[in-house]
Each structure stands twice: as structure tokens, then as C-alpha cells.
Amino acid sequence: MRKLFTSGMVMFAGIVSVPPGTVPNRTSSEPVPDYRHDPRFESLTKFFHKADCPAEKYSSEFLRAADANALDWRLLPSLSFVETSGGKGARNNNLFGWDSGRARFPSPAAGIHAVGYLLKHSSVYKNKTLERLLAVYNPGAEEYVEKVKSVMRRISPTE
């Protein structure tokens, strides 16, 4: 288990320290999707608003990151809610407690996109079932998988 955690830390450090452009960013020529009329946006903002979470203002970013990385749209917001109460306990724009809360991001949106990218493309998480991905994300916490899945169902019962 310690080996998994350590390899995750090494992978993250490698991604963060690579030259700009390695983790894809939206360019100005790409159209920015408008999620305001997307039913997922309404479900997500309602969920965060009810819990008075600062992450509410990043609902579109959560959806953009999920769509760009082919992730369940409820995963990143759920991780944020479980790890930092939807941004209430976030430091250094780190809504996910990434790297045991030590990771720093230039903005919350940058953190959302970086973590979304890593969950899809890092060899530590790539091609894993949701259950296995969550077990690697927080090793040693048996109840963690069910806790995150419960929040996902609170956001929306279906993907």
C-alpha cells in the first residue's frame, strides 16, 4: 500500500514539473462549452449551493474537466466534497487534498483540470474501475470508496 501511495506521489511530481503544454490546456481558438442549460450543471450547482460550498462557482469547470477526460461528471465534484467540503477546507487552490493537501495550483480551475487529467491519463489511475481508482486515490481507507460513491449519488443518481 505504501508503494502505491509513493508511486502516486512520484507520478504527480513528474506531471507538475514537466514543461508547460504537457498537460493539455484549452486554447483561445477552442470554443468554450456553455453548461448553463446542461441538466448536469443544474444538479451540481444545486448540490454545492445547498451545502454552501465555494466549489459551486466552479461547476462549469468540473463539467469541462470531466468531458475533456471522459470521466463520470460526478467524480471530481464528489472528491472535492469529500476531501475539502467542496472547497471549504481547500488550501493553495487544491480542492481535492491532492498530495495530502500539499499540492499547489495556480487557480481552483487549474487544479480541477490537472486532477481530472491525471485521473484519466496517469498510469497510477488509468483504465481502472471507479472502485479501484478510488482505492488508489485514498489507500487504506476502506470506507472511502463508498463515501465518494454516496456523494456521487447525492449529486445525481445516474451518470
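Remarks
- Residue match in region 139-152 (condition: part of a loop (DSSP other than H, G, I, E, B) and either among the hydroxyl-bearing types (Ser, Thr, Tyr) or under 20 Å from Arg36 (Cβ atoms) (or both)): no
- Test result for Val124, touching a residue at least 40 places away in the same chain (Cβ under 8 Å) and assigned to a helix (DSSP H, G or I): no
- Being in contact with a helix residue (DSSP H, G or I) (Cβ under 6 Å, 6 or more places away or on another chain) and open to solvent by 50 Å² or more (accessible area, probe 1.4 Å) is true of His113.
- The residues of region 49-105 that are of a type in the set (Lys, Arg) and either exposed (fewer than 15 other Cβ atoms within 10 Å of the Cβ) or at positive phi (or both), listed by number, are Lys50, Lys57, Lys88, Arg91, Arg102, Arg104.
- Inside region 118-142, residues that are small (Gly, Ala, Ser) and open to solvent by 30 Å² or more (accessible area, probe 1.4 Å) make up a count of 3.
The values are calculated or read from the model by the stated rules, or taken from the named source; none is laboratory data. Model, not experiment: these values are computed from the prediction. As a convention, Cβ positions derive from the backbone with ideal geometry for all residues, glycine included, and neighbour counts pool all protein chains shown. Surface areas here come from the heavy atoms of the whole protein model, side chains and all, with no ligands, DNA or RNA. Shrake-Rupley method; radii C 1.70, N 1.55, O 1.52, S 1.80 Å.
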